[in-house]
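In what follows, a single structure is set out as structure tokens and then discussed.
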Ligand SMILES: Cc1cc2nc3c(=O)[nH]c(=O)nc-3n(C[C@H](O)[C@H](O)[C@H](O)COP(=O)(O)O)c2cc1C
């Protein structure tokens, strides 16, 4: 698939087919995520890939608000995107952030990795939905995520049962200043 097609064709998918996703395909998504750049190659992202029916149900029912629950009701996979704290953004002095963005660099690194994951998913014929509205406490307790890992997003993945149009994007002149 051409790069332009991958960039333009990926959409947030809010309706899924009842169809499982092969474990090897899911591994390809994580591999793609691992190829993203990160602060000093610190590779802070951590992933929890859930395809177990009981756990899927528990997370969908208890960790997502009703609006998101409905959107991913049939999704056969949820991926919880986390990062290991105090790895990214550290300067030359051990344990000390290099600048004011601090742990924000971890969110930055994780975002880069999540986009890789979503683009690879699209290339594999899958749809994804990144969800920022989720219950951190429920996710931590169900998946037994250690306290040193920050839980950021839940990403649904599965075969799309909808073909939404691209929501409009801001014009370049609205977002960018060029100094020629
Ligand atoms: C950090 C983040 C959080 C999001 N949270 C939600 C969410 O909770 N529910 C939802 O339906 N979409 C969510 N989205 C999807 C956005 O609404 C979507 O990316 C945007 O409208 C652009 O559409 P597109 O992804 O199809 O290009 C989220 C996206 C991002 C990047």
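Things worth noting here:
- For residue 54 and residue 148, a Förster radius of 35 Å and the Cβ-Cβ distance give a FRET efficiency of 0.85, rounded to the nearest 0.05.
- Share, in percent, of DSSP beta bridges within the chain that are antiparallel, nearest 5: 95
- Length gained on full extension, residue 98 to residue 70, computed as 0.36 nm times the residue gap minus the Cα-Cα distance: 5.9 nm.
- Estimated inter-spin distance, residue 172 and residue 28, nm [label 7 Å along Cα→Cβ]: 3.2
- For the chain, the calculated P(r), taken from all Cα-Cα distances in 10 Å bins from zero up to the bin holding the longest distance, is 9, 33, 35, 18, 4, 0 percent.
- Length-normalised contact order for the chain - Cα pairs under 8 Å, 6+ apart - percent: 35
Coordinate-derived values only; no laboratory data. If you're wondering where the values come from, they're calculated on a predicted model, not measured in any experiment. Heads up, the Cβs are rebuilt from the backbone with ideal geometry, glycines too, and the neighbour counts pull from every protein chain shown.
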